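The block underneath contains the structure these notes are about, expressed in structure tokens.
Each value in this text was obtained by applying a stated rule to the coordinates, not by laboratory testing. Remember, predicted model here, so these are calculated numbers, not experimental data. Cβ: placed from backbone, ideal geometry, glycine included. Neighbour counts: every protein chain shown.
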Amino acid sequence: MTDSTKTSRISGFHKLSISDRLARVTEFAGLDSDVVAQLSNLGNLDGELADRLIENVIGTMSIPVGIATNMKIDGQDVLIPMATEESSVVAAVCNAGRQCYDDGGFITSMSGTLMIAQIQLVDVTNPASSRISILERKDEIKDICDACDPILVSLGGGLRDVEVRLLETAEGTMVITHLIVDTRDAMGANAVNSMAEKLAPHIEAWTGGRVYLRILSNLADKRLARARATWSCEAIGGPDVRDGIISAYEFAAADPYRAATHNKGIMNGISAVVLATGNDTRAVEAGAHAFAAQKGWYTSLTDWEVTAEGDLSGSIELPMAVGLIGGATKLHPTARACLKILGVSTADQLARMIAAVGLAQNFSALKALATTGVQKGHMSLHSQNIAMMAGAVGDEIDQISKILVEKGQVRLDVAQEELKKLRG
């Protein structure tokens, strides 16, 4: 039963200090001293910075940062920081990188650093004519938009093009203006949103319609990161393994139920690097999944083929709106440290590295599915988590983990029983 005396309406909560907010939450939720101590430990993130990054802060949540080794990208050896809570993700990238390292590693490219802002125009009596009217003013639009961000323009960015679409909807024809903006080393959300807001009243004046939404699109299909690699048939275990990987890919390419899990595995790696570098995981994920559905059905983000020599060739292409300036990327000390480890100097480089990680992740997942099954490697690592959940500490963790794997029963109840036996 709920306590009717409790209320979540706390006036001025955002004005309180972090400790005072935590005290109010403690009273509301009946937290014990151990929980309060856990939330009070802000780890390696300064409390004042945390309080500026988001609203109503009461604590922080640490995510492990691991390093993917064996990665050679465009001829350069790199170490890849990955922030994730899921077992086997980092190991998968390490293994994939090792198995294609001697064949040249990963080759990457980028379509550009262009972002899209959308302006929604409704109640237009003559949509086709209005579309042309907007396109006629491209030079004027460029002046208006570029004036919003002189610094971006000075760095070589700014408005590059204008596209106008007529969109048939249940509410009638909408005129959708796309501002194509080169955001350079920024992810670009703030820049393109400001341009769309500034331009909106001008579009209304030119067309007689009404503007509603003025915001970027996370389907950044003019900012595509690409990566490819070849794994020799011998390195991966022979033609049976190669053909199993191809078959698993063809399943994902044809079936959205499989593609959803296939692409989730890809995003395990991608989101881990995006998070480690302080970028927007939700934006990248949204763009990737929308891109996977652009053919009219949801399909694989990767392509897998057999080369003329009989080896395995993989490639990936997906939107990658990441940046090196702005937001947590510049403010979060761990994000800055991870960027230092990567050694990147442009958003273009970062995006290409992330694409390579996504391809590596997919290779390892498909190979596991085509051979031992995904659970063997994953559960071997996950067994350590189960051992700790059962209460194992120190050397007990590895001992219980080994027993669980040998039994083929990576379950909490089994771990608890084995821990009792171990302790006599």
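Write down Rg/Rh for the range 239-363, rounded to two decimals, with Rg from the C-alpha atoms and Rh from the Kirkwood relation over Cα pairs. Don't skip to the end; give the middle numbers.
On the way: Rg = 15.8 Å, Rh = 15.3 Å.
Ratio of gyration radius to Kirkwood radius: 1.03.
Going by a ≥ b ≥ c, the root eigenvalues of the Cα gyration tensor, does the range 13-53 fall in the rounded group (a/c under 1.5), the prolate group (a/b larger than b/c) or the oblate group?
Working: a/c = 3.36, a/b = 1.31, b/c = 2.56.
Oblate is the answer for the range 13-53, as a/c is 1.5 or above yet b/c matches or exceeds a/b.
Could you work out how much longer the chain between ARG210 and PHE28 gets when fully extended? Use 0.36 nm per residue separation minus the Cα distance between them, nm to one decimal. Each step should come with its number before you reach the end.
Details: separation 182, 0.36 × 182 = 65.52 nm, distance 4.56 nm.
That works out to 61.0 nm of additional length.
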Radius of gyration, Dmax [the range 207-309; alpha carbons; angstrom]: 17.7, 66
Taking 0.36 nm per residue of sequence separation and subtracting the Cα-Cα distance, how much length would be gained by fully extending the chain between ARG160 and ASP398, in nm to one decimal? 80.0 nm
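What order do you get for 19-30, 312-323 when each peptide is scored by the mean count of other beta carbon atoms within 10 Å, highest first?
Going by the mean number of other Cβ atoms within 10 Å, highest first, we get 312-323, 19-30.
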Nearest-0.05 FRET efficiency for ASN41 and LYS407, computed from C-beta distance (R0 35 Å): 0.45
On full extension of the chain, what length is gained from LEU53 through LEU422, given 0.36 nm per residue of separation minus the C-alpha to C-alpha distance? 128.2 nm
In whole percents, the bins of 20 Å from zero upward hold the Cα-Cα pairs of the chain as 22, 46, 29, 3, 0
Under 24 Å from LYS138, Cα to Cα: lysines that are on another chain or at least 8 residues apart: LYS198, LYS222
Give the lysines whose C-alpha is closer than 16 Å to that of LYS367, dropping any in the same chain fewer than 8 places away, or say none. LYS264, LYS376
With a point put 7 Å past each Cα toward its Cβ, work out how far SER232 is from LEU135 in nm, to one decimal. 5.3
Along the Cα→Cβ direction, 7 angstrom out, place labels at THR261 and ALA337. What is the inter-label distance in nm? 3.6
Karplus 3J(HN,Hα) series, Hz, for the range 343-353 with 6.51 cos²θ - 1.76 cosθ + 1.60 (x for Gly, Pro): x, 8, 10, 9, 5, 4, 4, 4, 4, 5, 5
Which of the GluC sites (Glu not before Pro) found in the range 169-237 are loop residues per DSSP with 11 or fewer other Cβ atoms within 10 Å of their Cβ? GLU171
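Arranged by the count of other C-beta atoms within 10 angstrom, fewest first, what order do TRP206, TRP297 take? Could you put the intermediate results ahead of the total?
Values: TRP206 16, TRP297 12.
Ascending Cβ contact count within 10 Å gives the list TRP297, TRP206.
May I ask you to derive the FRET efficiency for MET61 and GLN294 from their Cβ-Cβ distance with R0 = 30 Å, giving the value to the nearest 0.05? It would help to have the intermediate numbers written out before the result.
Values: r = 34 Å, r/R0 = 1.14.
It comes out at approximately 0.30.
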Starting from the Cα of LYS6, draw a straight line to each of the lysines and keep only those under 29 Å, dropping any in the same chain fewer than 8 residues away. LYS15
Helix 89-101 against the longest principal axis of the chain: what's the angle in degrees, Cα atoms only, rounded to the nearest 10? 80
Built amide H within the under 5 Å cut-off of LEU42, gap 5+: none
If a/c stays under 1.5 just call it rounded; otherwise compare a/b with b/c (prolate if a/b is bigger, oblate if not). Do that for the range 114-216, with a ≥ b ≥ c from the square roots of the Cα gyration tensor eigenvalues. prolate
